[in-house]
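The block underneath contains the structure these notes are about, expressed in structure tokens.
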Amino acid sequence: MAKTIRKYLIAGNWKMNKTASEGVDLVNEIKLGIGQKMDVGVAICPPYTALESCAKAVEDSNIQLGAQNMHPKLEGAYTGEVSPVMLRSMFCTFVIIGHSERREYFKESDAFINEKVLAALESSLKPILCVGESLEQREANATFEVVKTQLVDGLKGVTAEATDHLVVAYEPVWAIGTGKTATPEMAQDVHKMIRDELTALFGEAADKVRILYGGSMKPENASELLNQPDIDGGLIGGAALKAKSFLELIEIAHSK
Ligand code: PGA
């Protein structure tokens, strides 16, 4: 089902897991279990090396493909990088941008992330812009300020018309891969703040933007999270690597 005008999105972030053939095996298992749940958006974001094989595997399904990162330039001398044009040629619909692991390990700044968001939109890719505070920042009561800065700086230059193609993911860094989840109320507070900021930026177009929660989301805690008025789906790491848990998450969204 959907939340009034927003359809749930369950997106798997495989991170640096799965070879090309392992990816196909996982997609095939997901396809077998998914049935005709057209009311829930489903996406998988494999590593670059599995995009081509997974693109073929998802062809006859309602599973959409995304990448985990990209360079903002369309082509050129950027050794080791992958461009939006290349992702489009692999039939990607989404691209995760500004994941906290990229911010932390690869020192990506809000300005660079903003370039990527704009480049993704210009190339007809849907950016999933990730924002979220560290444990230190939460303990210092800086959550709203940190998330707001990441959001506003990441979205500079984005127009209200482009928001149809925009997804935001709130991922508290302390909850990623740790088994610690934000309580539904903690998550909703931040999601509401994000919605308010989006409204300040884009007016009523903000109502259409899906805001995903990410950080140890799993079948055991998904239902309560998805019940929150401003949580429109999940960006799933660990639980997306097994068909069983990923399918359970889709089923929970479907049952709402
Ligand atoms: P997790 O990862 O579900 O393993 O916590 C989520 C993410 O980093 O996108």
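Look at residue 149 and say whether it is in a helix (DSSP H, G or I) and surrounded by fewer than 24 Cβ atoms within 10 Å (Cβ to Cβ).
Judged against the criteria, residue 149 is a match.
I'm trying to understand the selection: among the residues of region 115-136, which are assigned to a helix (DSSP H, G or I) and in contact with a Pro (Cβ under 9 Å, 6 or more places away or on another chain)?
Scanning region 115-136 gives 115, 116, 117, 118, 119, 120, 121, 122, 135.
Select, from 15, 37, 56, the only residue that is basic (Lys, Arg) and outside any loop (DSSP other than H, G, I, E, B). Quick ask: steps written out before the conclusion?
Numbers: 15 fails: outside any loop (DSSP other than H, G, I, E, B); 37 fails: outside any loop (DSSP other than H, G, I, E, B).
Going through 15, 37, 56 in turn, just one is basic (Lys, Arg) and outside any loop (DSSP other than H, G, I, E, B): 56.
Please work out which residue is most open to solvent (accessible area, probe 1.4 Å), limiting yourself to region 80-111 and to residues that are basic (Lys, Arg) and either in a loop (DSSP other than H, G, I, E, B) or under 19 Å from residue 212 (Cβ atoms) (or both).
107
Residues of region 197-215 being more than 14 Å from residue 155 (Cβ to Cβ) and open to solvent by 40 Å² or more (accessible area, probe 1.4 Å), which ones?
204, 207, 208, 210
The values are calculated or read from the model by the stated rules, or taken from the named source; none is laboratory data. Computed from a predicted structure; not experimentally measured. Positions of Cβ are generated from backbone atoms using ideal geometry, with glycine treated the same way; all protein chains shown enter the neighbour counts. Only protein heavy atoms, including side chains, enter the accessible area calculation; ligands, DNA and RNA are left aside. Shrake-Rupley method; radii C 1.70, N 1.55, O 1.52, S 1.80 Å.
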